[in-house]
1. Within the range 93-152, report the GluC sites (Glu not before Pro) that DSSP leaves as loop and that have at most 15 other Cβ atoms within 10 Å.
2. Only loop residues by DSSP count here, and only those with at most 14 other Cβ atoms within 10 Å; note down the trypsin sites (Lys or Arg not before Pro) in the range 146-181 that meet that.
3. Taking amide H positions as placed 1.01 Å from N in the peptide plane, with prolines and chain starts having none, which residues 5 or more places from Leu25, or on another chain, fall under 5 Å of its amide H?
4. Suppose the chain between Asn6 and Arg133 were pulled fully straight at 0.36 nm per residue; how much longer would it get relative to their current alpha carbon spacing?
5. Given an 8 Å cut-off on Cα distances and at least 6 residues of separation, report the relative contact order of the range 106-196 as a percent.
6. How far is helix 135-153 tilted off the main Cα axis of the chain, in degrees rounded to 10, range 0 to 90?
7. Given the rule -39500 (n - 2.57) for each run of at least 4 DSSP H residues, summed and divided by the residues of the chain, what is its mean residue ellipticity at 222 nm, to the nearest 500 deg cm²/dmol?
8. Using the Cα atoms as the points, what is the convex hull volume per residue of the range 74-140 in Å³?
Amino acid sequence: MKVDFNKGNGLVPVVIQDNISLKVLMLGYMNEEALAKTKAKGLVTFYSRSRNELWTKGETSGNYLHVKEIFEDCDNDTLLVKATPDGPTCHTGSETCFKENSGKGFLYQLEQTIDERIINDSEKSYTNDLFKRGINKMAQKVGEEAVELVIEAKDNNDDLFKNEAADLLYHFLILLRAKNMKLEDIEAILKDRNTSK
């Protein structure tokens, strides 16, 4: 990584993005020392332009940003850091410093929650219980939910339709996990189909 710190008088802007939801969490600045510390510690460290010193995000609040990946832009003068936040990123207590910022959306957070329930072998978790019952039971549940969605589609009760759609998506995510696949894998297929038409 060859970052050009000269253009910004020793500083580069750094966009912080949630590693799971892809929401943009905040913008900060780094100098060479801040970037080196970020890489060494695995925690996002900025250079404060107002205090003229390094600061690690979360050092007072406990809401650290754990680095997953760092990318530079095409001009090598801006960084994108994908990170996992320990809590709210904004000083206001908000998840993000930007108001209108949907990122990838809740489905990716739900996918991570499903992963965690299975990995942690949560005893009281419906998700984990269904997963343990095997691929046939998971596939059967997806089939049942799909049929129920079709039935509700023929009626005029929007709430029931939306609830069945939610059930189908939820069970589909569990089935994807059982097949060692991610939502991104399915997105890639749809994206490929979209560009090839």
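What follows draws every value from the coordinates through simple rules; no lab data is involved. What you are looking at is a predicted structure, and each value in this text was computed from that prediction instead of being measured. Reconstructed Cβ throughout: ideal geometry from the backbone, glycine too, with neighbour counts over all protein chains shown.
1. Details: sites: Glu95, Glu100, Glu111, Glu116, Glu123, Glu144, Glu145, Glu148, Glu152; in loops: Glu95, Glu100, Glu123.
For GluC sites (Glu not before Pro) across the range 93-152 that sit outside H, G, I, E and B with at most 15 neighbouring Cβ atoms in 10 Å, the list reads Glu100, Glu123.
2. Details: sites: Lys154, Lys162, Arg177, Lys179; in loops: Lys154, Lys179.
When the trypsin sites (Lys or Arg not before Pro) of the range 146-181 are filtered for loop state and at most 14 Cβ neighbours within 10 Å, Lys154, Lys179 remain.
3. Amide H neighbours of Leu25, under 5 Å, 5+ apart: Ile16, Gln17, Asp18.
4. Values: separation 127, 0.36 × 127 = 45.72 nm, distance 5.83 nm.
Full extension of this stretch gives 39.9 nm more.
5. Values: 56 pairs, mean separation 25.1, N = 91.
Computed over the range 106-196, the figure is 28 percent.
6. For 135-153 against the chain, the angle is about 80 degrees.
7. Result for the chain: -14000 deg cm²/dmol, rounded to the nearest 500.
8. So the per-residue hull volume is 179 Å³.
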